[in-house]
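The structure appears below as structure tokens.
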Amino acid sequence: MNWRTFALLSSLMLFLFFPSMVFAQVQTRVRIIEASNVGSTTDPALRDVHDQLGSLFNFSVYRLLKDVNLNLVGNRTVEVPVHKGRTMEVTLVGEYRTMVELRIKITREGSPILNTQVRLSSGRTILIGGPRHGGGVLIFAVSARF
């Protein structure tokens, strides 16, 4: 076996068996939104997702509670405090040609209340309906750039 074949096989094995070593850094934005039917206003900071919110959820008020930017790298979990003992854990678990895969876990006082995986194209936003909050619910808007 010549050195080129060896180098190619070695690279392929690293990619297959240690995928976290080849992950790029992914800029991820997490917005925590309070949705309710008390009033009829939408936070101006949510203009870009207003139509998407209205088509998926049946609330009259959407208010931005938190806007967090994360730098994710392969299989390393980043925690985001949500509200009153709730935490969001975001982990980059896969990277593909045109999208990334994130694991999103919401816990309340250490117990999981939501555990899902999503695939995102660069620049796209996905909305995830979350737990009850006050007179409504929390919604998580997650987007990524890579």
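Where the convex hull is taken over the Cα atoms of the range 23-88, what is its projected area averaged over directions, in nm²?
That works out to 5.6 nm², a quarter of the Cα hull's surface.
Give me P(r) over the range 22-145, computed from all C-alpha to C-alpha distances, binned every 5 Å, as integer percentages.
2, 11, 23, 23, 19, 14, 7, 2, 0, 0
Which ordering of E34, E79, E95, E109 is given by a fewest-first count of other beta-carbon atoms within 10 Å?
With the fewest neighbours first, E34, E79, E95, E109 line up as E109, E79, E95, E34.
Give the residue list of chymotrypsin sites (Phe, Trp or Tyr not before Pro) in the range 26-134 that are DSSP loop and have at most 14 other beta-carbon atoms within 10 angstrom.
Y96
Which listed residue (L127, G94, V68) has the Cα farthest towards the positive end of the charge dipole for the range 22-145, taking +1 on Lys and Arg C-beta and -1 on Asp and Glu C-beta about the Cα centre?
Of L127, G94, V68, it is G94.
Please compute the length gained on full extension between V38 and S122, using 0.36 nm multiplied by the number of residues separating them and subtracting their Cα-Cα distance.
26.8 nm
Can you grab the distance from the C-alpha centre of the range 86-146 to the C-alpha centre of the range 29-50, Å, no decimals?
Going from one Cα centre to the other spans 17 Å.
How big is the dipole moment of the range 22-145 about its Cα centre under a simple scheme where the beta carbon of each Lys and Arg is +1, that of each Asp and Glu is -1, and everything else is neutral? Debye, nearest 20, please.
Computed charge dipole of the range 22-145: roughly 120 debye.
Can you order the peptides 81-88, 121-128, 36-43, 133-140 by their average number of other Cβ atoms within 10 Å per residue, highest first?
Order by mean packing, descending: 133-140, 81-88, 121-128, 36-43.
Give me the extension gain from N71 to T98: residue separation times 0.36 nm, minus the current Cα-Cα distance, reported in nm with one decimal.
Full-extension gain reported as 7.9 nm.
Read-outs: derived from the displayed coordinates by stated rules, not from any lab. Just so you know, these numbers come straight off a predicted model, no measurement behind them. Quick reminder, even Gly has a Cβ in these numbers, built from the backbone with ideal geometry, and neighbours come from all protein chains shown.
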